[in-house]
Ligand SMILES: [Cu+2]
């Protein structure tokens with residue numbers, strides 16, 4: 001009888017059928033990572049609070065004449081080098097963070113990863 005073989009064939013094809021029906025979920029790309037810009041102007045981070053997707057990049061651009069940096073606030077888990085006037089620094093962000101400038105601790109900002 002051919003029935004067992006037919007059943008086995010159907011079972012083997014079932015995952016293929018499911019993949020076809022669901023539109024190749026493993027091929028769907030995540031939305032492209034974005035680049036966000038935070039300017040340092042007149043002793044402030046602007047915008048001081050930013051929402052990003054995990055994997056997005058934030059570029060900090062120092063438009064002041066004095067040196068600043070970007071230091072993670074909870075435990076200094078990351079920190080930019082000192083950014084002189086016109087310098088910039090990029091960071092790929094995967095977790096939310098509060099940050100400040102270690103030269104001027106009143107300068108604060110927040111990145112929220114959604
Ligand atoms: Cu500063």
Exactly one of 28, 108, 34 is modelled with pLDDT of 95 or more and surrounded by fewer than 12 Cβ atoms within 10 Å (Cβ to Cβ), and that residue is 34
A careful count of residues in region 54-105 that are more than 14 Å from the ligand (Cβ to nearest atom), part of a loop (DSSP other than H, G, I, E, B) and crowded, with 17+ Cβ neighbours inside 10 Å gives 0
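The values are calculated or read from the model by the stated rules, or taken from the named source; none is laboratory data. On a predicted model such as this, the values are computed, not experimentally measured, just so you know. Reconstructed Cβ throughout: ideal geometry from the backbone, glycine too, with neighbour counts over all protein chains shown.
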